[in-house]
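What follows is calculated from the coordinates using simple rules that are stated; it is not laboratory data. The shown structure was predicted, so the numbers you read here are calculated from the model rather than taken from an experiment. Counting neighbours? That spans all protein chains shown, and the Cβs are built from the backbone with ideal geometry, glycine included.
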Amino acid sequence: MTELKTARLHLTPPQPQDFADLKKLWAGEDITRFITGRPLSGEEVWLRLLRDIGHWASLGHGNWCIKLQNGTLIGSVGLFDYKREMTPPFTDIEVGWGMDPVYQGQGLAHEALSAVLDHADEKLALSRTVCMISAENLASIRLAQKAGFTFYGDGHYKVGVVGLYERLRPGG
């Protein structure tokens, strides 16, 4: 499993010992509003954690925990294939992120996302990555655009419409 480091962050694949911090993170309405629409229970966080550990074990990539250099867990970012039942379906690796609102507005999400996209470009040679973002989530749309994603259409996932974005590997 791959760890990534930036000037201010340490990105680590999730481990069982991250559960308490992840439970606290995903219990917040501000981080879950546009992702799940509601805070997650401890049971749901545990299942997400196991899913993410299994993703790494099976596919060699997945979500990373975003941690400050002092070890404080502040978010999640990743490359994954969740086999989402959506229209149209994703045909490429999905990118996703979530950041504790306390740490938003400091460039940390962009720093983490840039490290993951560099990894996708250099180590995985992914020619295209995709993401979906709620139209109301203006901060994530701005982050996606800053990272090189462009809107390519609307999709239908679960009970709503989401914006679909793609990023082509530079020079690829």
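Sum up the charges of everything whose Cβ sits under 14 Å from the Cβ of R167, counting Lys and Arg as +1 and Asp and Glu as -1, but leave R167 out.
-2
Within region 6-52, the trypsin sites (Lys or Arg not before Pro) that combine a DSSP coil assignment with at most 15 other C-beta atoms in a 10 angstrom radius are R8, R33.
Listed by chain and number, the lysines whose C-alpha is less than 22 Å from the C-alpha of K158, apart from same-chain residues fewer than 8 away, are K83. Other residues whose C-beta falls under 13 angstrom from the C-beta of Y82 contribute a net charge of 0, scoring Lys and Arg +1 and Asp and Glu -1. Can you classify region 1-93 as rounded, prolate or oblate using the Cα gyration tensor, where a ≥ b ≥ c are the square roots of its eigenvalues, rounded means a/c under 1.5, and otherwise it's prolate if a/b beats b/c and oblate if not? Note, shape of region 1-93 comes out oblate. Counting only DSSP H runs of at least 4 residues, each contributing -39500 (n - 2.57), and dividing by the residue count of the chain, the helix-based mean residue ellipticity at 222 nm comes to -9500 deg cm²/dmol.
Modelled this way, with points 7 Å down the Cα-to-C-beta line, the labels at A135 and E43 are 3.5 nm from one another. The loop-placed GluC sites (Glu not before Pro) in region 41-134, going by DSSP, that have at most 14 neighbouring Cβ atoms within 10 Å of their Cβ come out as E85.
Taken over the chain, the convex hull of the Cα atoms encloses 113 Å³ per residue.
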